[in-house]
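The structure under discussion appears below in the form of structure tokens.
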Ligand code: GLN
């Protein structure tokens with residue numbers, strides 16, 4: 001298996017690299033336009049602790065929406081599942097990640113799920129802490145434990161760029177404040193959310209996080225339970241149904257793995273009990289998913305027979 005993983009990973013990266021040309025960098029956060037659209041990297045970590053990495057796997061980028069699985073785990077650990085899901089649902093939307101449309105037409109105006117921006121903003125508002133500083137510290141601390149990377153930090157430029165231009169998220173959040181889903185100060189919640197999205201990671205960090213969720217919440221190196229098993233399972237499930245937004249259906253058919261993307265170009269994916277996978281390729285398709293990352297995952301899933309279905 002080891003040789004096979006290495007071979008197929010390297011082949012997939014080489015064969016699908018040219019797809020970057022049909023994608024685009026995310027432009028609505030201006031600082032993301034500074035990324036190199038040709039970059040492509042990937043890391044796979046297996047349960048025995050072996051690493052398989054290729055391309056620009058050490059390049060750091062902002063985690064963006066991949067952070068939503070981590071804050072969801074923390075919010076459930078802080079508040080319990082019932083409390084978190086009293087404010088949002090479990091259903092995929094079929095709309096884009098930052099869509100406003102369903103908020104008003106729903107009979108009960110709750111975000112459909114925690115992976116779209118509306119739901120993720122509510123999740124962030126539920127992280128416990130005295131003030132934003134303490135909440136951010138708790139979020140980063142949790143990320144450090146999941147990645148075993150003490151060096152994690154925030155990209156200040158991307159954070160400020162999104163803070164300046166994130167008006168659609170403001171619209172979602174103010175709407176949710178009006179209907180009573182958000183109780184805290186909107187700008188405070190958004191500030192925390194933008195910082196969480198600007199945490200810098202590389203493919204190795206993503207593969208480590210993926211491996212924790214793949215391994216029912218247990219760190220493969222220390223044996224420590226970082227996330228309770230029932231939460232890890234729920235998050236894997238929500239990744240399948242909602243992780244790739246309005247491409248979640250086709251991704252399930254083509255790849256068949258729990259995954260979550262971010263507009264920074266990252267994708268996290270996992271093979272339950274077996275592999276944690278982190279990919280980077282900042283050229284995105286029209287749904288906001290890394291175009292090369294999706295292709296590489298499709299190929300790996302086929303070659304290594306990874307689909308969970
Ligand atoms: N920070 C981004 C936003 O809220 C994250 C979106 C994403 O990665 N899909 O718009």
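The values are calculated or read from the model by the stated rules, or taken from the named source; none is laboratory data. As the structure is a computational prediction, the values presented were derived from the model and not from experiment. Backbone-built Cβ (ideal geometry, glycine too); neighbour counts: all protein chains shown.
For this structure, a couple of remarks:
- Which numbered condition residue 49 fails, given (1) at positive phi; (2) in contact with a strand residue (DSSP E or B) (Cβ under 7 Å, 6 or more places away or on another chain): (2)
- Residue tally, condition in a helix (DSSP H, G or I) and either within 16 Å of the ligand (Cβ to nearest atom) or modelled with pLDDT of 95 or more (or both), over the range 178-205: 15
- Single residue of the range 244-271 satisfying the filter (free of Cβ contacts under 8 Å to residues at least 40 places away in the same chain and part of a helix (DSSP H, G or I)) that is surrounded by the fewest Cβ atoms within 10 Å (Cβ to Cβ): 253
- Filter result (part of a helix (DSSP H, G or I) and either touching a strand residue (DSSP E or B) at 6+ places or on another chain (Cβ under 9 Å) or under 23 Å from residue 280 (Cβ atoms) (or both)) within the range 206-234: 206, 207, 208, 209, 210, 211, 212, 213, 214, 229, 232
- Qualifying residue in the range 207-227 (condition: crowded, with 23+ Cβ neighbours inside 10 Å, under 27 Å from residue 155 (Cβ atoms) and within 16 Å of the ligand (Cβ to nearest atom)): yes
- Matching residues, the range 55-70, being part of a loop (DSSP other than H, G, I, E, B) and within 11 Å of the ligand (Cβ to nearest atom): 63
- Out of 168, 145, 138, sole residue that is under 24 Å from residue 243 (Cβ atoms) and within 12 Å of the ligand (Cβ to nearest atom): 168
- Single unsatisfied condition, residue 287 versus (1) touching a helix residue (DSSP H, G or I) at 6+ places or on another chain (Cβ under 7 Å); (2) modelled with pLDDT of 95 or more; (3) surrounded by fewer than 24 Cβ atoms within 10 Å (Cβ to Cβ); (4) under 27 Å from residue 35 (Cβ atoms): (2)
- Output for the range 71-99, where each listed residue is touching a helix residue (DSSP H, G or I) at 6+ places or on another chain (Cβ under 7 Å), under 19 Å from residue 182 (Cβ atoms) and part of a loop (DSSP other than H, G, I, E, B): 87, 88, 93, 97, 98
- Test: residue in the range 150-160 that is crowded, with 24+ Cβ neighbours inside 10 Å, modelled with pLDDT of 95 or more, part of a helix (DSSP H, G or I) and touching a strand residue (DSSP E or B) at 6+ places or on another chain (Cβ under 8 Å): yes
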